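A short worksheet on the structure shown next.
The values are calculated or read from the model by the stated rules, or taken from the named source; none is laboratory data. Here the structure is a predicted model, which is why all the values come from computation and not from measurement. Please note: Cβ atoms are built from the backbone with ideal geometry, for glycine as well, and neighbour counts cover all protein chains shown.
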Amino acid sequence: MTLLDTPRDREQTPVAGPDVTRISTWCGVASTICQLAVMVCMAIFVLPHAGSPGDPALERGQRVLDAADTYRVGNYVFMLAGVLLLGFLGAIDVRLRRVDATGVLATVAVAAGTLLTLIWPFAGVLHDVALDTAETGADVRILAGWDGAAPYALAFSALPRIFLLLALVLGLRLAGDSPWLQRTGVAIAIASAAGTLTLVAGAAFPVLALSSLAYELWIGALAWHWLRDRTSGGS
């Protein structure tokens, strides 16, 4: 064995294969596209079955029960779209560790992103449980009350969203990259903080909804920016 062929050298030799970091970054784009598509489809094809919030609870509950299969399909697709963010966390981890050797930003971002993929989509699971409960003969008015599960879960998920956004903004700042993403990221984090007040006051929901839409678009824009970035040995 020569000095040119040591075990250590062989371990450091790049292995040919797919660019997994780039694939992970594409998950960020896919997450945004799928989330927006699901929001539109739910608003058009699923949620109208329940009628308007001002309708009597018994009537709304019965309408939801009559469309139970439609709601289950919608909840399932909603959950699938939500977990796509998990794929993007790999690229987030790689990018943040390049600019922060301590790994603090990467750890915070991955932990917050993981919580995001669980809390918001889990509202679909809870709604399925409510459908099952109503189908066993329970008072169908329970389904009208369970309409609150989605906005409450979204408001709760906005808390880890703030940590994810700020970790990413700090990473961009350390890299000296994309000032507009930095500024908009901070603005969305502030709006998300205000949106969490939905947990105590329903009047804050419009702020929550707008900040959530802005967050989805921001994640897609960040992923697309990274895909186009070839200057940092990027993905």
Determine if the stretch 142-152 includes at least one residue that is in contact with a Phe, Trp or Tyr (Cβ under 7 Å, 6 or more places away or on another chain) and not charged (D, E, K, R). yes
If I go through the stretch 52-86 residue by residue, how many of them are within 18 Å of L217 (Cβ to Cβ) and either of a type in the set (G, A, S) or in contact with a strand residue (DSSP E or B) (Cβ under 6 Å, 6 or more places away or on another chain) (or both)? 2
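Here's the yes/no breakdown for (1) at pLDDT below 90; (2) over 12 Å from the mean Cα position of the chain (by Cα); (3) farther than 23 Å from I219 by Cα:
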position: R8; (1), (2), (3): yes, yes, yes
position: Q12; (1), (2), (3): yes, yes, yes
position: V15; (1), (2), (3): yes, yes, yes
position: R22; (1), (2), (3): no, yes, no
position: W26; (1), (2), (3): no, yes, no
position: I33; (1), (2), (3): no, no, no
position: C41; (1), (2), (3): no, yes, no
position: F45; (1), (2), (3): yes, yes, yes
position: A50; (1), (2), (3): yes, yes, yes
Consider T70 carefully, then state whether it is in contact with a His (Cβ under 9 Å, 6 or more places away or on another chain), surrounded by fewer than 17 Cβ atoms within 10 Å (Cβ to Cβ), assigned to a helix (DSSP H, G or I) and of a type in the set (V, I, T). yes
The stretch 74-91, residues that are aliphatic (A, V, I, L, M) and in contact with a Phe, Trp or Tyr (Cβ under 9 Å, 6 or more places away or on another chain): M79, A91
Looking only at the stretch 190-205, decide whether some residue is in contact with a Lys or Arg (Cβ under 6 Å, 6 or more places away or on another chain), small (G, A, S) and touching a residue at least 40 places away in the same chain (Cβ under 8 Å). no
Scanning the stretch 92-141 for residues that are among the aromatic types (F, W, Y) and modelled with pLDDT under 90 gives W120
So Q182 ticks every box in (1) closer than 30 Å to D19 by Cβ; (2) within 17 Å of the chain's Cα centre (by Cα) but one. Which box is left unticked? (2)
Any hit, the stretch 206-217, residues being more than 17 Å from I92 (Cα to Cα), among the β-branched types (V, I, T) and free of Cβ contacts under 8 Å to residues at least 24 places away in the same chain: yes
Checking G103 against (1) small (G, A, S); (2) touching a Phe, Trp or Tyr at 6+ places or on another chain (Cβ under 9 Å); (3) more than 19 Å from G148 (Cα to Cα), which test does it fail? (2)
Test: L213 is assigned to a helix (DSSP H, G or I) and surrounded by 20 or more Cβ atoms within 10 Å (Cβ to Cβ): no
